[in-house]
1. Decide, for region 238-303, between rounded, prolate and oblate: order the square roots of the alpha carbon gyration tensor eigenvalues as a ≥ b ≥ c, take rounded if a/c falls under 1.5, and otherwise choose prolate if a/b is larger than b/c, else oblate.
2. Give me the number: length gained by fully extending residue 132 to residue 327, i.e. 0.36 nm times residue separation minus the C-alpha to C-alpha distance, one decimal in nm.
3. With a/c under 1.5 counting as rounded, go ahead and sort region 193-341 into rounded, prolate or oblate using the C-alpha gyration tensor (a ≥ b ≥ c being the square roots of the eigenvalues; past the cut-off, prolate if a/b is larger than b/c, else oblate).
4. Could you state the number of Å between the C-alpha centres of region 412-434 and region 46-62?
5. Nearest 0.05, what FRET efficiency do residue 311 and residue 118 give at R0 = 35 Å with Cβ-Cβ as r?
6. Please report the antiparallel percentage of DSSP beta bridges with both residues in the chain, rounded to the nearest 5.
7. When the chain is treated as a GNM, springs tying every alpha-carbon pair under 10 Å, which of 69, 231, 352 comes out with the largest mean-square fluctuation?
8. Starting with the fewest neighbours, write out 307, 229, 343 ranked by other beta-carbon atoms found within 10 Å of each beta-carbon.
């Protein structure tokens, strides 16, 4: 079960530390099964309650997960695992459609914006005590938010979407609280929630976003927060439409104490309008990252929300990193005000690539989904076999297990760099790898 590694310790803290060290070093790998608590207690000559306490600590730290009688195992992406262990292994010569990255050809040059921001900083260096948010960035962000119907609120800047989600959840929740998350959903959120000591409650998704009945069930069951992706949902490409938004608002009106977190990371790469849910509940946050439109290395997201939530987020940020570099903030101002990204053109490019693959798959009897963004979700009966056969055929795609809890198996294919002539060849490879099948729901 554990190969050559032997868990050690007499106290709960020592046992937990032994497992955590092994996961961090790679001696215990993601997905590896741990011994049953009574078995490990007998081996270590300790009380079973001691092992139970150690496993509970590891769960709260996001190192392991427990699935009832199926036992406890190292999480697919534990917080202590070295980053290189969770990178997909794409051999040379294989076409990589697994990484979720935007097309570099559609990213604007950052040289002029960063140069202008640096020149401004040279003239008036940012010193301790400066405002945490550049006024120009706040004005531009607020204007966009107003135009899209997002309620008024303070603007805070964080180091990307995930940083914002973590800070908002930590501002209101305590270890053990339940968070309703999309299933399939962004794997980073599925990993972040348990890493914060919170409990993830899966909510089904279709092409219009979270299913209202599942949201209601999660909130009825005690979930204190809900995380929703407005557009370009990862991995399915779902986008919350007007009708779905009304249905979700109606559910949230019944649970006004819910902490609502909306991630609109598709801003400026999607031509579908957003339909915000913000403002229905007492505490809420709405965030927009610049990663997809301007490049993942530009680590910045703007966040707005109710006054209490934003005050807590910014107050805690002040005690840690302090602020997101004003140099980066001013570069984003330059990019936004200068129209560096042609949103209709970028959205159209990604749309053509999605549609080409979905159409080619449909011609071969393969169901696929993707309303917006840069990913296509393909339900399959056997992820492992399909991924392996596609890799052998020269295509690397992401297994759906990275993105789901209770949802049916699937593959995520990133189409951002898919060339016009590749869709048909890829569809043929997928058809061979998975075979035609009856329509399968991905919720």
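No value in this document is a laboratory result; all are computed from the given coordinates. For clarity, every value in this text was computed on a predicted model and none was experimentally measured. Neighbour counts are summed over all protein chains in view; Cβ atoms, including those assigned to glycine, are modelled from backbone coordinates with ideal geometry.
1. Numbers: a/c = 3.97, a/b = 1.67, b/c = 2.37.
It comes out oblate by the Cα gyration axes.
2. Numbers: separation 195, 0.36 × 195 = 70.20 nm, distance 1.14 nm.
Gain in length upon complete extension: 69.1 nm.
3. On the way: a/c = 2.02, a/b = 1.35, b/c = 1.49.
It comes out oblate by the Cα gyration axes.
4. Cα centroid of region 46-62 versus Cα centroid of region 412-434: 44 Å apart.
5. Numbers: r = 31 Å, r/R0 = 0.89.
Efficiency, rounded to the nearest 0.05: 0.65.
6. Numbers: 23 of 43 bridges.
Once the DSSP bridges in the chain are tallied, antiparallel ones form about 55 percent.
7. So, out of 69, 231, 352, the one fluctuating most is 69.
8. 307, 343, 229
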